[in-house]
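For reference, the structure is listed below as structure tokens.
The values are calculated or read from the model by the stated rules, or taken from the named source; none is laboratory data. Keep in mind that what you see is a predicted model, and the values were worked out from it rather than measured. Cβ sites come from the backbone with ideal geometry, for glycine too, and all protein chains shown count toward neighbours.
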Amino acid sequence: MKSAFVLSSSFSLLLSLASAQSYDATICGEDRFGEFSDPHVYLPNAWNDNSPDDGYVCMSVDNSTPAFDVTWMWPENIADVHSYPYVRLNDDDLPTRLSTIQSMRIKSDWIMTLGSPRSPPRDFSNSTWAENKEELDEAGVTANAAWDFFLDGNRTRTYNPVDSAIEVMIWLGRVGHARPLEGDGVVTRITLGDHTFQLHYQLNFRSRHVFTWILADGGDVTQFDEDVSPLFEYILNNPPPESDDEDAAEWPENPYLGLVEFGSETWFSRENVTFSVANFALDLEVDEDAADSGSDGGSGGSGGDDEDDAAMALGVPFLGFVAPVALLAGAMIGL
Ligand SMILES: *[C@@H]1O[C@H](CO)[C@@H](O)[C@H](O)[C@H]1NC(C)=O
Ligand SMILES: *[C@@H]1O[C@H](CO)[C@@H](O)[C@H](O)[C@H]1NC(C)=O
Ligand SMILES: *[C@@H]1O[C@H](CO)[C@@H](O)[C@H](O)[C@H]1NC(C)=O
């Protein structure tokens, strides 16, 4: 029995070494793993200059599974997001006009764990999440798990998360005081599979249009796999009312979708938090004919000068600012 015990513990040691070795890289702060044209690009994205020096965000990437584990700690509440560690998912059809999208299936398994687990957490079950969430809540952690999308009438600008006219988020979970920009309340509800999402709309402090879909029952979904195109179709067909804000970004009639990202907005934790994500995917189907004919004059639909501009917009210095700037948690003021 004893030897069996020794065997199994050295086996688990081997396993954890093996999984530790399966990372391609660990990157921190404002680093990046992958080229912008790769199917997956990983960024810890510590964009906020107001973050305390004793905080950090590091990301270990396993690009073949694919999976990543982020360890972060931001021990100061600045009533703002410190970082949005994320994977950007590319597709050859992006950017594409929203009106050409026939389906957009997004998939992600995620979990958060208090501390720094010895081996990468890959149990995304509801029961494990319920336990972990209780620990995170008790420790006062505030964070979410969210998909983030950027849209604009100008194709190039869809790669610019600060200047693009529209940001759409789909929140899959949250702990602590994480709240979206809630605007005047619930705009509508849409059910996808087993999950009903409710929509909030508000201009952010840069007067960009921010739409947030969150689960209507207040729950979290750690294993998500749905066609979310109805959520975008609603926004396309139901533009927001005119705003009194003179600086409000002009509403694009026929917007393009560019950036597609999944990550965690990190507000606050005194201890390490590990955000683990696996099996993420983007499966986009567009109406190619509409996409080709939809480029109403000027530079063509796919290819041409636009691509160069898009590449430039993705320059590294700029990405220092990659910001779900929308996410000022008004609610954090109560912390
Ligand atoms: C917290 O995470 C950092 C960075 O990964 C690590 O160096 C440190 O040992 C961790 N602290 C604890 C208490 O696990
Ligand atoms: C589109 O956006 C890019 C980057 O912001 C800008 O350089 C370009 O002039 C814009 N094009 C039009 C037609 O407004
Ligand atoms: C896990 O929780 C989600 C959200 O509450 C729910 O939709 C799903 O059915 C649950 N899954 C299982 C296996 O219980």
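List the pairs whose first member sits in the range 264-277 and is in contact (Cβ under 8 Å) with a residue 12 or more places away in the chain, whose second member is among the acidic types (Asp, Glu) and surrounded by 24 or more Cβ atoms within 10 Å (Cβ to Cβ), and whose Cβ atoms are under 7 Å apart, counting only residues at least 6 apart or on separate chains? What qualifies is Thr274/Asp69; Ser276/Asp69.
Glu261 meets the stated requirement of being touching a strand residue (DSSP E or B) at 6+ places or on another chain (Cβ under 7 Å), under 28 Å from Asn50 (Cβ atoms), crowded, with 21+ Cβ neighbours inside 10 Å and of a type in the set (Asp, Glu). Annotation: Tyr84 fulfils all but one of (1) closer than 18 Å to Leu43 by Cα; (2) within 16 Å of ligand 2 (Cβ to nearest atom); the unmet one is (2).
Counting only strands (runs of 3 or more DSSP E) wholly contained in the range 151-213, the ones carrying 1 or more residues that are buried (at least 21 other Cβ atoms within 10 Å of the Cβ) and away from ligand 3 (no atom under 16 Å from the Cβ) occupy 166-175, 195-203. Evaluation of Asp220 against the conditions (1) in a loop (DSSP other than H, G, I, E, B); (2) within 16 Å of ligand 3 (Cβ to nearest atom); (3) surrounded by fewer than 20 Cβ atoms within 10 Å (Cβ to Cβ) shows that the sole unmet condition is (3).
The set of residues from the range 94-115 being under 16 Å from Asp227 (Cβ atoms) and surrounded by fewer than 18 Cβ atoms within 10 Å (Cβ to Cβ) comprises Gln102, Ser103, Arg105, Lys107. For the range 87-108, the condition of being within 16 Å of ligand 1 (Cβ to nearest atom), under 23 Å from Val41 (Cα atoms), modelled with pLDDT of 95 or more and of a type in the set (A, V, I, L, M) holds for none of the residues. Among the residues of the range 116-136, are any closer than 29 Å to Ser164 by Cβ and surrounded by 14 or more Cβ atoms within 10 Å (Cβ to Cβ)? No, the range 116-136 contains no residue that is closer than 29 Å to Ser164 by Cβ and surrounded by 14 or more Cβ atoms within 10 Å (Cβ to Cβ).
Pairs linking a residue in the range 155-182 that is farther than 21 Å from Leu199 by Cβ to a residue that is part of a helix (DSSP H, G or I) and within 16 Å of ligand 1 (Cβ to nearest atom), with Cβ atoms under 9 Å and 6 or more positions apart or on different chains, are Val175/Asn132; Val175/Leu136; Gly176/Leu136. Taking first residues from the range 227-249 that are touching a residue at least 60 places away in the same chain (Cβ under 8 Å) and partners that are of a type in the set (D, E, K, R) and buried (at least 19 other Cβ atoms within 10 Å of the Cβ), the Cβ contacts under 7 Å between residues at least 6 apart in sequence or on separate chains come to Ala249/Arg208. Quick check, is Pro252 part of a loop (DSSP other than H, G, I, E, B), away from ligand 1 (no atom under 16 Å from the Cβ) and in contact with a Gly (Cβ under 8 Å, 6 or more places away or on another chain)? In short, yes. Pairs linking a residue in the range 115-134 that is in contact (Cβ under 8 Å) with a residue 40 or more places away in the chain to a residue that is in a helix (DSSP H, G or I) and within 16 Å of ligand 2 (Cβ to nearest atom), with Cβ atoms under 8 Å and 6 or more positions apart or on different chains, do not occur.
Residues that are of a type in the set (A, V, I, L, M), surrounded by 14 or more Cβ atoms within 10 Å (Cβ to Cβ) and more than 16 Å from ligand 2 (Cβ to nearest atom) occur at least once in the range 269-277.
Here is a yes/no grid of residues against (1) part of a loop (DSSP other than H, G, I, E, B); (2) closer than 30 Å to Ser127 by Cα:
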site: Asp225; (1), (2): no, yes
site: Ile235; (1), (2): no, no
site: Asp245; (1), (2): yes, no
site: Leu257; (1), (2): no, no
site: Ser269; (1), (2): no, yes
site: Thr274; (1), (2): no, yes
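Exactly one residue among His195, His200 is under 28 Å from Ala79 (Cα atoms), of a type outside the set (Val, Ile, Thr) and in contact with a strand residue (DSSP E or B) (Cβ under 8 Å, 6 or more places away or on another chain), and that residue is His200. Scan the range 237-252 for residues that are surrounded by 16 or more Cβ atoms within 10 Å (Cβ to Cβ) and closer than 26 Å to Gln102 by Cα and the total you get is 2.
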